[in-house]
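Quick one: the structure is below, and I'll ask about it shortly.
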Amino acid sequence: MSRLPLTLACWNYDRTRALADGSIVPDGIDLNYLSLPVEETFFRMLRHREFDAAELSLSSYTVSLFRENPPFIAIPVFPSRYFRHSCIYIHSDAGIREPKDLAGKRVGNPEYQMTAPVWIRGILSDEYGVPVTSPIYFSGGEEQPGRSEKIPLSLPPEIRTQSIPEDKTLSQMIESGEIDALYTARAPSSFGRSDKVRRLFPDYASVERAYFAKTKIFPIMHVIALRRDVYRASPWIVQSLYKAFLEAQRRVYDDLRDTAALKFMLPWLHSHVEETERIMGTRDFWPYGLEPNRHVLATFLRYHFEQGLSNRQLKPEELFAPESLESFKI
């Protein structure tokens, strides 16, 4: 029986590994899984649409929906989630002792529209009263000069952004004090190398647990998106891929809870899993699907709109292919 060839670009996650190694085969699909770093996947998909399907930044994907002919459509699979309090870095001499001190400061972000900074700016506004419009945002390469926004942006004038010099990096600039803070996904190389760069929240794990206890939000970073022309030609692949991603994730849940032997190199893995389930109140602490994530997605979409990245505030269901929002029942 012939299968539809489909190329998927996605990073090497435990929750997708069964798709990468072929131990799970999506119904009717001959899957070519390309394990690529997220920055490369995003760049190649957003700029050149090289893949049939790909892991995409939730923010970049949302921006793309406002194009005249939106090029992608997503399914509610979230390969990356991350609490981002740990990802706010400050220069030690910038006079930043608590979150409210970020108001009016020079803040770097590799790209203004990146999902991680969208969450950070929103959390700082909601939880700590730092207006999104207060800082000046400096965009550019974190470790390599010359990075630019992957998607052209048209921001309101109250959002002040500018590019850093082409021969500089954000990692260098926070170390030298040319910027006061950095909102990013990757720890800058100057962190740990220089005592001038530190985290805003040194005890970030406790802060993030308290944030979850208050908000019930485990921030979503990435989605799985299909090229819309591929989807239109074969809409059935939505359910095939969604089912396969769910099964790949279920196997990892089983591995995490297997007490016969450690399948991951964490000495206190089982204690960590038990603590996570206790704090999050569920065994499915990384849920896929729309309904378990409606509150998280609605919060993100509000942030996206408030930060000038969406022309209007989308509803969560507008993000996804309708075929992924319901399934058959027996």
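Search the stretch 8-48 for residues being over 19 Å from residue 263 (Cβ atoms) and polar (S, T, N, Q), and hand back the single one that is farthest from the chain's Cα centre (by Cα).
32
Checking the condition in contact with a strand residue (DSSP E or B) (Cβ under 9 Å, 6 or more places away or on another chain) and modelled with pLDDT under 95, which residue from 102, 124, 155, 170 passes? Steps first, please.
Values: 102 fails: modelled with pLDDT under 95; 124 fails: modelled with pLDDT under 95; 170 fails: modelled with pLDDT under 95.
Within the list 102, 124, 155, 170, the selection yields 155.
To continue, here is another question. Hey, among 301, 309, which residue is among the aliphatic types (A, V, I, L, M), in contact (Cβ under 8 Å) with a residue 12 or more places away in the chain and outside any helix (DSSP H, G or I)?
None of the other options fit; the residue is 309.
Ok, one more. Can you pull out the residues in the stretch 185-205 that are under 10 Å from residue 85 (Cα atoms) and either touching a residue at least 60 places away in the same chain (Cβ under 8 Å) or not charged (D, E, K, R) (or both)?
We begin by selecting, within the stretch 185-205, every residue under 10 Å from residue 85 (Cα atoms); these are 199-205.
Of everything in the stretch 185-205, those that are under 10 Å from residue 85 (Cα atoms) and either touching a residue at least 60 places away in the same chain (Cβ under 8 Å) or not charged (D, E, K, R) (or both) turn out to be 199, 200, 201, 202, 204, 205.
Does residue 16 satisfy the criteria of being outside the structural domain of residue 154 (by TED's automatic domain parsing), in contact with a His (Cβ under 7 Å, 6 or more places away or on another chain), surrounded by 15 or more Cβ atoms within 10 Å (Cβ to Cβ) and in contact (Cβ under 8 Å) with a residue 40 or more places away in the chain? So that I can check it myself, show each step before the final result.
Numbers: outside the structural domain of residue 154 (by TED's automatic domain parsing): yes; in contact with a His (Cβ under 7 Å, 6 or more places away or on another chain): no; surrounded by 15 or more Cβ atoms within 10 Å (Cβ to Cβ): yes; in contact (Cβ under 8 Å) with a residue 40 or more places away in the chain: yes.
No: the conditions fail for residue 16.
In this structure, is residue 68 out of contact with any helix residue (DSSP H, G or I) (no Cβ under 8 Å at 6 or more places or on another chain), of a type in the set (Asp, Glu) and under 14 Å from residue 150 (Cα atoms)? Talk me through it step by step, then tell me what you get.
Values: out of contact with any helix residue (DSSP H, G or I) (no Cβ under 8 Å at 6 or more places or on another chain): yes; of a type in the set (Asp, Glu): yes; under 14 Å from residue 150 (Cα atoms): no.
So residue 68 fails the test.
What tally of residues in the stretch 173-189 results from selecting those that are farther than 22 Å from residue 121 by Cβ and within 24 Å of the chain's Cα centre (by Cα)?
At the first step, the residues of the stretch 173-189 found to be farther than 22 Å from residue 121 by Cβ are 175-176, 189.
Keeping just the survivors that are within 24 Å of the chain's Cα centre (by Cα) gives 189.
Qualifying residue count, the stretch 173-189: 1.
Does residue 47 satisfy the criteria of being of a type in the set (D, E, K, R) and in contact (Cβ under 8 Å) with a residue 12 or more places away in the chain? Give the derivation first.
On the way: of a type in the set (D, E, K, R): yes; in contact (Cβ under 8 Å) with a residue 12 or more places away in the chain: yes.
Spelling it out, residue 47 is indeed of a type in the set (D, E, K, R) and in contact (Cβ under 8 Å) with a residue 12 or more places away in the chain.
Which count do you get for residues in the stretch 166-184 that are in contact with a helix residue (DSSP H, G or I) (Cβ under 9 Å, 6 or more places away or on another chain) and closer than 19 Å to residue 84 by Cα?
5
Taking only the stretch 277-298 into account, find how many residues are touching a residue at least 12 places away in the same chain (Cβ under 8 Å) and outside any loop (DSSP other than H, G, I, E, B).
Selection size over the stretch 277-298: 8.
Same structure again: Report those helices (runs of 4 or more DSSP H) wholly inside the stretch 1-105 carrying at least 1 residues which are charged (D, E, K, R). Steps first, please.
Details: elements: 17-20, 38-48, 58-64.
Counting at least 1 such residues, we get 17-20, 38-48.
Right, here's the next one. Can you find a residue that is surrounded by fewer than 18 Cβ atoms within 10 Å (Cβ to Cβ), in contact with a strand residue (DSSP E or B) (Cβ under 9 Å, 6 or more places away or on another chain) and among the aliphatic types (A, V, I, L, M) anywhere in the stretch 285-293?
yes
Collect the residues in the stretch 208-257 that are over 30 Å from residue 85 (Cα atoms), touching a residue at least 40 places away in the same chain (Cβ under 8 Å) and of a type in the set (A, V, I, L, M, F, W, C), keeping them in residue-number order.
Those that are over 30 Å from residue 85 (Cα atoms), touching a residue at least 40 places away in the same chain (Cβ under 8 Å) and of a type in the set (A, V, I, L, M, F, W, C): 226, 230, 236, 237, 238, 241, 244.
The values are calculated or read from the model by the stated rules, or taken from the named source; none is laboratory data. All values derive from a computational prediction rather than experimental measurement. As a convention, Cβ positions derive from the backbone with ideal geometry for all residues, glycine included, and neighbour counts pool all protein chains shown.
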